1. Name the residues in the range 339-372 that are touching an Asp or Glu at 6+ places or on another chain (Cβ under 7 Å) and at pLDDT 95 or above, would you?
2. Go through the residues of the range 235-256 one by one and say whether even a single one is farther than 30 Å from L292 by Cα, assigned to a strand (DSSP E or B) and at pLDDT below 95.
3. Hey, R344 hits all of (1) outside any helix (DSSP H, G or I); (2) surrounded by fewer than 22 Cβ atoms within 10 Å (Cβ to Cβ) but one; which does it fall short on?
4. Does the range 191-207 hold any residues that are within 26 Å of R145 (Cβ to Cβ) and open to solvent by less than 60 Å² (accessible area, probe 1.4 Å), and which are they?
5. Just checking, how many residues over the range 14-38 are in a helix (DSSP H, G or I) and either without any contact (Cβ under 8 Å) to a residue 12 or more places away in the chain or open to solvent by less than 50 Å² (accessible area, probe 1.4 Å) (or both)?
6. Considering each residue of the range 98-154, count those that are touching an Asp or Glu at 6+ places or on another chain (Cβ under 6 Å) and among the aromatic types (F, W, Y), and give that number.
7. Somewhere in the range 330-338, is a residue modelled with pLDDT of 95 or more, surrounded by 22 or more Cβ atoms within 10 Å (Cβ to Cβ) and either at positive phi or not basic (K, R) (or both)?
8. Does L97 satisfy the condition of being in contact (Cβ under 8 Å) with a residue 12 or more places away in the chain and open to solvent by less than 10 Å² (accessible area, probe 1.4 Å)?
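The values are calculated or read from the model by the stated rules, or taken from the named source; none is laboratory data. These figures come from a predicted structure and were not determined experimentally. In this analysis, Cβ positions are derived from the backbone assuming ideal geometry, glycine residues included, and neighbour counts consider all displayed protein chains. Side chains included, ligands, DNA and RNA excluded: accessible areas come from the protein's heavy atoms. Shrake-Rupley method; radii C 1.70, N 1.55, O 1.52, S 1.80 Å.
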Amino acid sequence: MDFGFSDIQGELRALARKILDDSVSAGTLAAYDEFAAPRFDRGLWQTLLDSGLPGIAVAEEYGGMGLGFMELGLFIEELGRSIAPVPVLAHCVSGLLPLQRYAGSALQARLLPPAARGELLLTGDFWSGSGVPTVQAEATADGLRLAGRCPAVPFARQADWLLLPVGLADDIAVVLVPADAAGLRLTDLQMTHFEPHAAVELDAVSVPAADILVASGGESLVTWTRERCTAALCAQQLGSADHAMHLAAGYTSERKQFGVPIATFQAVGHRMADCYIDIECLRLCTWQALSLLGEEQVATTEVQIAKIWAGDVGHRVSYACQHVHGGTGIDRDYPLWRYCLWLRFNEMALGSSASQAAALGRRLARGEGLFS
């Protein structure tokens, strides 16, 4: 049995890397440091849209490539390698995926084609908290009325539509809210990795029935989407950690002490070897989770394991790479510090390693088995 990637998957990875290598550099990323500008390169985003990559997992009938979550994950891994300032996770994972999976045909036909083309930008409130809705809804004659606050939604300021889980009596609904809706207010947040997030406050925001994605039983959508958000975050973490390691390997091969590269020192070699082993373990766990989710198999255990590795590996690789770089690692003219910020953010987002391990332990204690 061939466990390698297909030709199409290889070509997609190569295309993504070529576009990102040509468009993203330490110089271009510097334009967004310390919130000098919103971290969104619209020119790069349009280039990616023109290539069709953001629509990898969207059905062909709606203008996408008709591939799956595994292919999207490989694209996101390349994004992590470049830490590109584009809203792929927000738009593609927390927007396009649940819209395509759960929306009715009329809503899909109205929003999926323009979203796949990039004419609309989507985001969703699936990236923070425990998944329990922080916005409450009450039924009205023609839909729902919303009130509450979402603490941190990525690219909310830049988005055209927001997917929001809301509490409805003892149930959960999921709705689409236009960013310019009356009663909706955004408060920009300053995140440690500079990506634009905003708190979303809703005060008597009306949602017509046509914009209700799921009227009841929305807990399954929230769980389904958050698992894919978590796996996508692991893929991004894999790319970022791998690139940080290659930066360190390149630096230690060129930096000399006593007339020889410091990479030849045993202590340095051991630290880089540990990084390599860590990253390969994260790679296998992440790819397994992406593959199972792409086949619509139950993968809760595999996603939790991947996120535990993503947190621990990001932490260890960040420290090791800083260590072997010495003072150069924190020099703002050198790119490593940005990767360390991303590795730390992804370590904590959607549950730290400790919280994921505790959740996995509770599942095992309930007798749910080692594997899903």
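1. S353
2. The first filter runs over the range 235-256 and keeps only residues farther than 30 Å from L292 by Cα, leaving 247-256.
If we keep only those that are assigned to a strand (DSSP E or B) too, we end up with 256.
Right, trim to at pLDDT below 95 and you get 256.
Yes - at least one qualifying residue is present in the range 235-256.
3. Only one criterion in (1) outside any helix (DSSP H, G or I); (2) surrounded by fewer than 22 Cβ atoms within 10 Å (Cβ to Cβ) is unmet by R344, namely (1).
4. Quick first cut of the range 191-207, residues within 26 Å of R145 (Cβ to Cβ) only: 197-207.
Passing the criteria: H197, A198, A199, V200, E201, L202, A204, V205, V207.
5. Residues in the range 14-38 being in a helix (DSSP H, G or I) and either without any contact (Cβ under 8 Å) to a residue 12 or more places away in the chain or open to solvent by less than 50 Å² (accessible area, probe 1.4 Å) (or both): 12 in total.
6. Residues that pass the stated criteria total 0.
7. No, there is no match, as no residue in the range 330-338 is modelled with pLDDT of 95 or more, surrounded by 22 or more Cβ atoms within 10 Å (Cβ to Cβ) and either at positive phi or not basic (K, R) (or both).
8. Values: in contact (Cβ under 8 Å) with a residue 12 or more places away in the chain: yes; open to solvent by less than 10 Å² (accessible area, probe 1.4 Å): no.
No: the conditions fail for L97.
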